[in-house]
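A short write-up of the structure that comes next.
The values are calculated or read from the model by the stated rules, or taken from the named source; none is laboratory data. Since this is a predicted model, take the numbers as computed values, not measurements. Neighbour counts run over all protein chains shown; Cβ positions are idealised from the backbone, glycine included.
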Amino acid sequence: MRHLIAFLALCLSAPLLFATDLSGIWASSVKPPDGHTDRQVLVLRQSGNELTGKWERAWGNLTIHQGMINGNHFELKAKTDDGYTISCEGTLDGDKLRFKVHEPNIMPYELTAVRSTTDPFVVANVIAPPAVKDLAPNGLAKTPPMGWNSWNLFAGKIDDKTVRGMADALVSSGMRDAGYIYLNIDDTWEGDRDAKGVIHSNNKFPDMKALADYVHSKGLKFGIYSSPGPYTCAGYEGSYGHEAQDAKTYAAWGVDYLKYDWCSASRLYPDSAMRAVYQKMGDALRATKRPIVYSLCQYGRDNVWTWGDKVGGNLWRTTGDINDTYKRMMEIADTQSAIAKFAGPGHWNDPDMLEIGNGGMTTDEYRTHMSLWAMFAAPLLAGNDVRKMTDDTKSILLNKEVIAVDQDPLGKQGQLAFKRGDVDYWKRELSGGGAAIAVVNRANAPTSVTIPWADLGIGSNFVFKEVWSGLDVKSQSNSSFTIPPHGVVLLRMEMVH
């Protein structure tokens, strides 16, 4: 009897004694329909039936905060420091992990991972960045660049056909003639490199040179995207180790604008190396002899506004990403005044792209968005579907007076003059001794204001135009407005009265 009990105990404990251990590196490397190589890595530690570790993406790591295995079935949940969460469930099938991934705003998709002795996101011998030096200005972007970018609306769903449609719409809508001349493809155009290391576009973009030629034929300029890291934010091929080669390819295609996004470079370099790393591509672009506007996208880290122009940059992101909400738009706006002195012709603070027309804000909030970006002398890169704009969207993006404020040749960024309750007063100096005033109502209800001309340093003999209503306003008058919730009054000096 004693032997039988011992045998039964052994049988019952066998699944635990001989359970598969998932500890180690599991790498997924697949080719989706667009033809690029998609990489994700699970670095797992198993204790009993509990799984911990990290889930690696090209743009960074998520910490596995919930994980379990039951037989051959496993489940994981992982999140970033700021709360972005993804999950999966799957099975161990022989020597492969097969699992379905769930993440916000993306249809569930399936991956297969195999054991790896090395982590494909770890670079053993990092290329040392060049010695820091000052690059001369490239002479471009004397006023803030204007155009359209694919990311805010299309993200990874952008393709050749859509870009051509946007080129047509930029012309037919009047956007091109209003100044929106750069048509910029953001992330997810990249394919893999050939045996010589040359980057190729993926299946969504069968002929990038032909596409650039089409964009140019419409009187527009053509922009593209990459990263100084091995991978872009979406996990596509970056420019690390191929900077000069990629710059030559872009120039041969006819590229006029490069957005260069830090992302996976953070795996290789500390923030203190940013200047040298961005300088490397700045030098490479200069060597092509083609005029290419250089946009630094590294989210305002390492006080980029103090050195962005010295690496050949024409604009640099000052914050993390915008989204289509009033709250986020105003969070970004609140950070811009302190760095206004670093902007000027050829080198601009970039508070990120426009969300106008994407549906997340009211018309009044979008007018505030456009008004503040004009006060900031910010690049105006629309991110909406130009092919089907509402009348309200057109009236905002095509308003000649607000564009004139943004594009003022003096290039001096506006600053917050003062706050009174829920009302912000912004002032921007314009060429010829002119000025623009933006009055923003941050309250959730209408607010009546009387313009405090003297407090704003405006004399009594000027005429301003309120750009959204078209009304003329004299600075010596008792000028009062009722501003809607989250709305704006934008005044541009017209003349001495």
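Testing T162 on (1) at pLDDT below 95; (2) closer than 30 Å to M389 by Cα; (3) hydroxyl-bearing (S, T, Y), one condition comes back false. Which one is that?
Looking at each condition in turn, T162 falls short on (1).
Which members of the stretch 26-56 meet the condition of being among the acidic types (D, E) and over 20 Å from D119 (Cβ atoms)?
Selection gives D34, E50.
Among the residues of the stretch 444-470, count how many are within 19 Å of L410 (Cα to Cα), small (G, A, S) and part of a strand (DSSP E or B).
0
Name the one entry in G147, G139, G156 that is closer than 30 Å to A244 by Cα and in a loop (DSSP other than H, G, I, E, B).
The match here is G139.
Only one residue in G174, G165, G197 is within 24 Å of Q279 (Cβ to Cβ) and more than 21 Å from the chain's Cα centre (by Cα). Which one?
Being within 24 Å of Q279 (Cβ to Cβ) and more than 21 Å from the chain's Cα centre (by Cα) holds for just one of G174, G165, G197, which is G197.
Somewhere in the stretch 108-116, is a residue assigned to a loop (DSSP other than H, G, I, E, B) and within 27 Å of the chain's Cα centre (by Cα)?
No.
Kindly provide the set of residues from the stretch 136-162 that are more than 19 Å from G383 (Cα to Cα) and under 25 Å from the mean Cα position of the chain (by Cα), ordered by number.
Of everything in the stretch 136-162, those that are more than 19 Å from G383 (Cα to Cα) and under 25 Å from the mean Cα position of the chain (by Cα) turn out to be P137, N138, G139, L140, A141, K142, T143.
If you check every pair at least six apart or on different chains, which have Cβ atoms under 7 Å apart with a residue in the stretch 325-338 that is at pLDDT 95 or above first and a residue that is part of a helix (DSSP H, G or I) second?
Pairs found: Y326/E365; M329/H369; A333/L372.
Kindly indicate whether A141 is of a type in the set (A, V, I, L, M), on the phi > 0 side of the Ramachandran plot and assigned by TED's automatic domain parsing to the domain that holds I185.
The answer is no for A141.
When residues of the stretch 161-176 are filtered for being within 25 Å of I322 (Cα to Cα) and either charged (D, E, K, R) or not assigned by TED's automatic domain parsing to the domain that holds D392 (or both), how many remain?
Here the count works out to 1.
If a residue counts only when it is buried (at least 24 other Cβ atoms within 10 Å of the Cβ), which strands (runs of 3 or more DSSP E) contained entirely in the stretch 194-284 have at least 3 such residues?
Of the strands (runs of 3 or more DSSP E) lying wholly inside the stretch 194-284, those with at least 3 residues that are buried (at least 24 other Cβ atoms within 10 Å of the Cβ) span 221-226, 257-261.
Any residue at all in the stretch 27-48 that's buried (at least 17 other Cβ atoms within 10 Å of the Cβ), without any contact (Cβ under 8 Å) to a residue 60 or more places away in the chain and β-branched (V, I, T)?
Looking through the stretch 27-48, none of the residues is buried (at least 17 other Cβ atoms within 10 Å of the Cβ), without any contact (Cβ under 8 Å) to a residue 60 or more places away in the chain and β-branched (V, I, T).
If you check R39 against the conditions, is it among the basic types (K, R), assigned to a strand (DSSP E or B) and within 29 Å of the chain's Cα centre (by Cα)?
So R39 passes the test.
Could you check the stretch 24-70 and list, in sequence order, the residues that are of a type in the set (V, I, T) and within 18 Å of T188 (Cβ to Cβ)?
V30, T37
Give me the helices (runs of 4 or more DSSP H) completely within the stretch 340-443, filtered to those with at least 2 residues that are in the same structural domain as K465 (by TED's automatic domain parsing) and within 23 Å of I185 (Cβ to Cβ), ordered by residue number.
Because the criterion is at least 2 residues that are in the same structural domain as K465 (by TED's automatic domain parsing) and within 23 Å of I185 (Cβ to Cβ), no helices (runs of 4 or more DSSP H) in the stretch 340-443 meet it.
Might you check whether a residue that is assigned by TED's automatic domain parsing to the domain that holds G359, without any contact (Cβ under 8 Å) to a residue 40 or more places away in the chain and β-branched (V, I, T) occurs anywhere in the stretch 182-193?
no
Pairs please, first residue from the stretch 110-124 and at pLDDT 90 or above, second anywhere and assigned to a loop (DSSP other than H, G, I, E, B) and not aliphatic (A, V, I, L, M), Cβ atoms under 9 Å, 6+ apart in sequence or on different chains.
Listed pairs, sorted by first residue: V114/D95; R115/D95.
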